[in-house]
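*Asks:* Take this structure first; my questions come after.
The values are calculated or read from the model by the stated rules, or taken from the named source; none is laboratory data. If you're wondering where the values come from, they're calculated on a predicted model, not measured in any experiment. As a convention, Cβ positions derive from the backbone with ideal geometry for all residues, glycine included, and neighbour counts pool all protein chains shown. SASA here: full protein model, heavy atoms, side chains in, ligands and nucleic acids out. Shrake-Rupley method; radii C 1.70, N 1.55, O 1.52, S 1.80 Å.
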Amino acid sequence: LWRRTEGPLGPHEAVAGAPAPGIAVLPFAGNDPALEVWRRGMVDLLSTSLDGAGGLRAIDARTVLARWNDRRKSASGSVLTDLEVARACGARYALIGSAVSVGDRVRLAARVYDVRTQETLGAIQAQGPIDGVLDMVDRLSIEVLRAVLGTGEALPLPRVDLASITTDSLAALKAYLEGEAFFRRSDFRRAKSAYARAVEADSTFALALYRLGTTIVWGEDDLEAAEILLGKALRHARRLPPREVLLLRADLAFVRGSPEGLADLRSAVKNHPDDVEAWYLLGEILFHLGVQALVPQAESEEAFRTAVELDPSFTLPYVHLIEIAFSARGDSGRAARLIQTYGSLTADRAVDRRNRLAFHLAFGSATDHRSALAEIDSFSVQSLLLLADYLWEPARVRSQAERVLTSRPLPARHGDAVRVLRALYYNRLSRGRLREALATLETVAADDFRGEALYVAFTMGLPVPPAALEAELGPGSAPSAGLLQTLYGIAYAADTGRRERYAAGLEGLRAAAERSRLAGDSTSARFTIAAARGLEGYALWRQGLPAEGAVLLAEAQGNATGWKERAEFNAMLRFWLGALYVQMGDASQGERYLRPREGVHYTAGYWQDPLQEALLARAYASLGQHEKARRASAAFAAAWREADPGLRERVEKAWSPSKAPPAAAPGPGA
């Protein structure tokens, strides 16, 4: 939902697409603490059962619970009624009921209301043993539809079978509902345990499999395990409502590193503007993969803000909103408010602690800095890297990130040490501290990331020692198992005119893609083929055929998506395209690929580099957008204020209203 001239649409504007009439299921009243899980559970169960039946749209359970928990007093001082809560959710109809113990049985009773007229459309009830709750929910659903649709006994009603879209195991269902409560509070450890119990009780329970995979992404950052679980959930997708299938497919593509679910999610939030999870997932995909789809950061932020507006107690959107406040805006006031709110809601004390320490390091006094640095001794390597990742804006705090990364000896585990050194290298490079960055590589083995790191600096047009490049990427270099080192070795062969080495490298990529295809790994095969196309386009550019090269590079950039090293190669493709178009005099296309990507920096995608800002200044100036050009140059100068003396000339030549824009773009040979 992006209007290119006016900005993103909010939830109220999204309603303009005329979604189906909504029904809000309010939490049931109850007389027995043993039924507590079913009081709110009825919101989930009946919403799932009713959504899409008879042309109705169930208001998202999170939105209902958020409005119900936040029943503020009206102007007259009285507490909002359940019908007023339903109206606040945008519902046309409301279901208000109770769950009462009657001996060893449960009675579910409810009334259906027209929210606009406050008229009762019907009173319904179902009674039975607790292990028959699914049958009771099905019977209630049928009666709700009869009341809303006014069909009468003689007309057929849509088939409702809750077990077919959830589970027929009471133990699995109860564990799933418990997991939902923990998940909403970012209590991933207990959520994972609850969802795992649900899956153990029913291995075909698609919703539980889906949620278990999502929890593993958040709690453990294990994309491979999550992909397996989401794949299993998809195999049982016939048991899910259409909306859940759409979300599952988009989430599975996301875990695989593809933004291809964006179109479906935009459609979902248009048709279900109250769907908290759809808005959140849209924001999540855009935050991480939107840059690869050339989507502005603002759409991601708006999606998260909408999810929070719909359900202020849902903790997950706050995580990235806090990151954006830090790394994209350098906004201390916004960051402080978000951190305070998140801390009051979440069960994840480790993330809350990291947020607060990051705030002290970014915006605090010298005393705050010393205190925070002393406190991070107990951080894991992952937490240390994430903490450093916050420290990007304003530019003056980037040196604080270096202090975080060097605050203690390198980890004993080789892989962890490499991750820290890699972040340190790109931090220093982004500040124009080339000598210190190169010194970082002295302790890095060739197969770790040394060749890749040198090629990045070379592509930026920085004075990398030619002998070092030759040693890592030239004919005499050892074959590398690293993806980026392999890809950049082929690019370097194109840079240096070594045609046979370049052709052999491309042939190796095509063979690897075929092996992946035969092994059933379509994701790897697609990326590898796209990477080869991109390198073909790059070679054409270097051979003096920029227009032909741009066609292949653009095709490759749209397909070579993914996580980690794949994301970084996609960033390289975007940089090549931006520099190529600026060189060709097409500044508007250049700006499209070089546009500042807020919130993405040296550990997540190093091409949001200050030198890119200098190149953008040139593009903006040629487009007559002088204020943007001034801001881009100012960002470059601020980031490079402590650059090596030999590189200071670049800062001095940065564009300003009284100076010409930079004469040449960064790049090999610049």
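*Asks:* In the range 304-346, which residues are assigned to a loop (DSSP other than H, G, I, E, B), small (Gly, Ala, Ser) and open to solvent by 30 Å² or more (accessible area, probe 1.4 Å)?
*Replies:* From the range 304-346, those assigned to a loop (DSSP other than H, G, I, E, B) are 311-315, 329-331, 346; that's our starting set.
This time we only want the ones that are small (Gly, Ala, Ser), so: 313, 330.
Ser313, the sole residue that qualifies.
*Asks:* Right, something else. Among residues belonging to the range 237-250 that are open to solvent by 40 Å² or more (accessible area, probe 1.4 Å), within 22 Å of Ser169 (Cα to Cα) and not basic (Lys, Arg), point out the one that is nearest to the chain's Cα centre (by Cα).
*Replies:* Per the criteria, the residue is Glu244.
*Asks:* Those residues that are modelled with pLDDT of 90 or more and either touching a Leu at 6+ places or on another chain (Cβ under 7 Å) or within 22 Å of Arg396 (Cα to Cα) (or both), I need them from the range 316-332; list them, please.
*Replies:* Across the range 316-332, the qualifying residues are Tyr318, His320, Leu321, Ile322.
*Asks:* Another question, then. I'd like the full set of residues that are charged (D, E, K, R) and part of a loop (DSSP other than H, G, I, E, B), limited to the range 608-624.
*Replies:* So the first thing to find is which residues in the range 608-624 are charged (D, E, K, R), and the list is 609, 613, 618.
Once the filter is applied, which keeps residues that are charged (D, E, K, R) and part of a loop (DSSP other than H, G, I, E, B), the range 608-624 yields only Asp609.
*Asks:* OK, next. Looking only at the range 238-275, filter to residues that are of a type in the set (A, V, I, L, M) and either part of a loop (DSSP other than H, G, I, E, B) or under 20 Å from Thr63 (Cα atoms) (or both); which one of those is modelled with the lowest pLDDT? Reasoning before the result, please.
*Replies:* Step one: list which residues in the range 238-275 are of a type in the set (A, V, I, L, M), which gives 240, 245-248, 250, 252-253, 255, 262-263, 265, 268-269.
This time we only want the ones that are either part of a loop (DSSP other than H, G, I, E, B) or under 20 Å from Thr63 (Cα atoms) (or both), so: 240, 245-248, 265, 268-269.
Details: Leu240: 80, Val245: 89, Leu246: 91, Leu247: 91, Leu248: 93, Leu265: 93, Ala268: 89, Val269: 91.
Only one residue fits best here, namely Leu240.
*Asks:* Let me ask something additional. Mind listing whichever residues of the range 524-542 are open to solvent by 40 Å² or more (accessible area, probe 1.4 Å) and in contact (Cβ under 8 Å) with a residue 40 or more places away in the chain?
*Replies:* Step one: filter the range 524-542 for residues open to solvent by 40 Å² or more (accessible area, probe 1.4 Å), giving 526, 529, 533, 536, 540, 542.
The answer is Arg542, and nothing else.
*Asks:* Hey, can you tell me all the residues within the range 207-225 that are of a type in the set (Gly, Ala, Ser) and surrounded by fewer than 24 Cβ atoms within 10 Å (Cβ to Cβ)? Spell out how you get there, then give the answer.
*Replies:* At the first step, the residues of the range 207-225 found to be of a type in the set (Gly, Ala, Ser) are 208, 213, 219, 225.
Gly219, Ala225 - these are the residues of the range 207-225 that are of a type in the set (Gly, Ala, Ser) and surrounded by fewer than 24 Cβ atoms within 10 Å (Cβ to Cβ).
*Asks:* What's the number of the condition Leu484 fails, among (1) at pLDDT 95 or above; (2) closer than 22 Å to Val456 by Cα?
*Replies:* Of everything listed in (1) at pLDDT 95 or above; (2) closer than 22 Å to Val456 by Cα, Leu484 misses just condition (1).
*Asks:* Could you list, in sequence order, all residues of the range 107-133 that are buried (at least 17 other Cβ atoms within 10 Å of the Cβ) and out of contact with any strand residue (DSSP E or B) (no Cβ under 6 Å at 6 or more places or on another chain)?
*Replies:* Result: Val133, single match.
*Asks:* Given the conditions (1) part of a helix (DSSP H, G or I); (2) open to solvent by 30 Å² or more (accessible area, probe 1.4 Å), report the number of the one that Glu393 does not fulfil.
*Replies:* If we test Glu393 against (1) part of a helix (DSSP H, G or I); (2) open to solvent by 30 Å² or more (accessible area, probe 1.4 Å), just (1) comes out false.
*Asks:* Of everything in the range 164-223 that's at pLDDT below 90, under 26 Å from the mean Cα position of the chain (by Cα) and among the small types (Gly, Ala, Ser), which residue is farthest from Gly257 (Cα to Cα)?
*Replies:* If we take residues in the range 164-223 being at pLDDT below 90, under 26 Å from the mean Cα position of the chain (by Cα) and among the small types (Gly, Ala, Ser), then Ala181 is farthest from Gly257 (Cα to Cα).
*Asks:* Suppose we filter Arg419, Arg450, Arg403 for residues that are open to solvent by 50 Å² or more (accessible area, probe 1.4 Å), of a type outside the set (Asp, Glu), part of a helix (DSSP H, G or I) and farther than 30 Å from Arg334 by Cβ; which single one remains? Please lay out each step first, then the result.
*Replies:* On the way: Arg419 fails: farther than 30 Å from Arg334 by Cβ; Arg403 fails: farther than 30 Å from Arg334 by Cβ.
That would be Arg450, the only listed residue that is open to solvent by 50 Å² or more (accessible area, probe 1.4 Å), of a type outside the set (Asp, Glu), part of a helix (DSSP H, G or I) and farther than 30 Å from Arg334 by Cβ.
*Asks:* Also: Just to be sure I understand, how many residues within the range 618-650 are under 30 Å from the mean Cα position of the chain (by Cα) and open to solvent by 60 Å² or more (accessible area, probe 1.4 Å)?
*Replies:* 2
*Asks:* Can you tell me how many residues in the range 37-65 are touching a strand residue (DSSP E or B) at 6+ places or on another chain (Cβ under 7 Å), of a type in the set (Gly, Ala, Ser) and assigned to a helix (DSSP H, G or I)? Before the answer, list the steps.
*Replies:* Narrowing the range 37-65 to residues touching a strand residue (DSSP E or B) at 6+ places or on another chain (Cβ under 7 Å): 38-39, 42-43, 46-47, 50-51, 56-59, 64.
Next, only the ones that are of a type in the set (Gly, Ala, Ser) stay: 47, 58.
Still in the running and assigned to a helix (DSSP H, G or I): 47.
So the answer is 1.
*Asks:* Just checking, how many residues over the range 345-399 are modelled with pLDDT under 85, under 21 Å from Glu220 (Cα atoms) and under 20 Å from the mean Cα position of the chain (by Cα)?
*Replies:* Residues that pass the stated criteria total 1.
*Asks:* Let me ask something else about it. Name the pairs: first residue in the range 206-222 and assigned to a loop (DSSP other than H, G, I, E, B), second residue open to solvent by less than 20 Å² (accessible area, probe 1.4 Å), Cβ to Cβ under 9 Å, at least 6 apart or on different chains?
*Replies:* Here the result reads Asp222/Ile216, each pair linking the range 206-222 to a residue that is open to solvent by less than 20 Å² (accessible area, probe 1.4 Å).
*Asks:* May I pose another question? Please identify the pairs in which a residue from the range 81-95 that is on the phi > 0 side of the Ramachandran plot and of a type outside the set (A, V, I, L, M) has its Cβ atom under 8 Å from the Cβ atom of a residue that is open to solvent by 20 Å² or more (accessible area, probe 1.4 Å) and modelled with pLDDT under 90, counting only partners at least 6 apart or on another chain.
*Replies:* So the pair list comes out as Gly90/Val15.
*Asks:* When the residues of the range 559-573 are filtered to those that are without any contact (Cβ under 8 Å) to a residue 60 or more places away in the chain and part of a helix (DSSP H, G or I), which remaining residue is surrounded by the fewest Cβ atoms within 10 Å (Cβ to Cβ)? Spell out how you get there, then give the answer.
*Replies:* Quick first cut of the range 559-573, residues without any contact (Cβ under 8 Å) to a residue 60 or more places away in the chain only: 559-560, 564, 573.
Filter again for part of a helix (DSSP H, G or I), leaving 559, 573.
On the way: Asn559: 17, Leu573: 29.
Step by step, filter the range 559-573, then rank; the result is Asn559.
*Asks:* Given the conditions (1) in a helix (DSSP H, G or I); (2) crowded, with 21+ Cβ neighbours inside 10 Å, and given that Ala468 satisfies all but one, which numbered condition is not satisfied?
*Replies:* Against the list (1) in a helix (DSSP H, G or I); (2) crowded, with 21+ Cβ neighbours inside 10 Å, Ala468 comes up short only on (2).
*Asks:* Of these, Arg641, Arg592, which one is closer than 22 Å to Gln400 by Cα, charged (D, E, K, R), out of contact with any helix residue (DSSP H, G or I) (no Cβ under 7 Å at 6 or more places or on another chain) and modelled with pLDDT of 85 or more? Let's see the steps before the verdict.
*Replies:* Working: Arg592 fails: closer than 22 Å to Gln400 by Cα.
That would be Arg641, the only listed residue that is closer than 22 Å to Gln400 by Cα, charged (D, E, K, R), out of contact with any helix residue (DSSP H, G or I) (no Cβ under 7 Å at 6 or more places or on another chain) and modelled with pLDDT of 85 or more.
*Asks:* Within the range 453-484, can you find the residues that are among the β-branched types (Val, Ile, Thr) and over 18 Å from Glu442 (Cβ atoms)? Give the derivation first.
*Replies:* Going through the range 453-484, the residues among the β-branched types (Val, Ile, Thr) turn out to be 456, 459, 464.
Result: Thr459, single match.
*Asks:* Restricting attention to the range 472-486, does a residue exist that is in a helix (DSSP H, G or I), of a type outside the set (Ser, Thr, Tyr), open to solvent by 10 Å² or more (accessible area, probe 1.4 Å) and under 29 Å from Glu649 (Cβ atoms)?
*Replies:* Just the residues of the range 472-486 that are in a helix (DSSP H, G or I), to begin with: 472-473, 483-486.
Subset that is of a type outside the set (Ser, Thr, Tyr): 472-473, 483-485.
From what is left, the residues that are open to solvent by 10 Å² or more (accessible area, probe 1.4 Å) are 472, 483, 485.
From what's left, under 29 Å from Glu649 (Cβ atoms): 472.
Yes, the range 472-486 contains at least one residue that is in a helix (DSSP H, G or I), of a type outside the set (Ser, Thr, Tyr), open to solvent by 10 Å² or more (accessible area, probe 1.4 Å) and under 29 Å from Glu649 (Cβ atoms).
*Asks:* With respect to Ala513, determine if the residue is under 23 Å from Phe254 (Cβ atoms), among the small types (Gly, Ala, Ser) and open to solvent by 50 Å² or more (accessible area, probe 1.4 Å). Walk me through it before giving the result.
*Replies:* Working: under 23 Å from Phe254 (Cβ atoms): yes; among the small types (Gly, Ala, Ser): yes; open to solvent by 50 Å² or more (accessible area, probe 1.4 Å): no.
The answer is no for Ala513.
*Asks:* In the set Val25, Val64, Val85, Val43, which member is at pLDDT 85 or above, crowded, with 17+ Cβ neighbours inside 10 Å and more than 24 Å from Pro241 (Cα to Cα)? Outline the logic, then answer.
*Replies:* Working: Val25 fails: more than 24 Å from Pro241 (Cα to Cα); Val64 fails: more than 24 Å from Pro241 (Cα to Cα); Val43 fails: more than 24 Å from Pro241 (Cα to Cα).
The unique qualifying residue is Val85.
*Asks:* Same structure again: Given the criteria closer than 22 Å to Thr214 by Cα and at pLDDT 90 or above, does Ile339 qualify? Please lay out each step first, then the result.
*Replies:* On the way: closer than 22 Å to Thr214 by Cα: no; at pLDDT 90 or above: yes.
Criteria not met by Ile339.
*Asks:* Okay, next question. If the Cβ limit is 7 Å and pairs must be 6+ apart or interchain, which residue in the range 509-520 that is without any contact (Cβ under 8 Å) to a residue 24 or more places away in the chain and part of a helix (DSSP H, G or I) pairs with which residue that is among the aliphatic types (A, V, I, L, M) and surrounded by 15 or more Cβ atoms within 10 Å (Cβ to Cβ)?
*Replies:* The qualifying pairs are Arg510/Ala532; Ala513/Ala525; Ala513/Ile529; Ser516/Ala525; Arg517/Ala525.
*Asks:* Still on this structure, please answer the following. I'm checking my understanding of the structure. Among residues of the range 226-236 that are assigned to a helix (DSSP H, G or I) and open to solvent by 10 Å² or more (accessible area, probe 1.4 Å), which one is farthest from Trp563 (Cα to Cα)? Can you show your working first?
*Replies:* Filtering the range 226-236 down to residues assigned to a helix (DSSP H, G or I) leaves 226-235.
Checking the rest, the ones that are also open to solvent by 10 Å² or more (accessible area, probe 1.4 Å) come to 227-229, 231-232, 234-235.
Details: Glu227: 13, Ile228: 16, Leu229: 18, Gly231: 18, Lys232: 21, Leu234: 21, Arg235: 24 Å.
Among residues in the range 226-236 that are assigned to a helix (DSSP H, G or I) and open to solvent by 10 Å² or more (accessible area, probe 1.4 Å), the one farthest from Trp563 (Cα to Cα) is Arg235.
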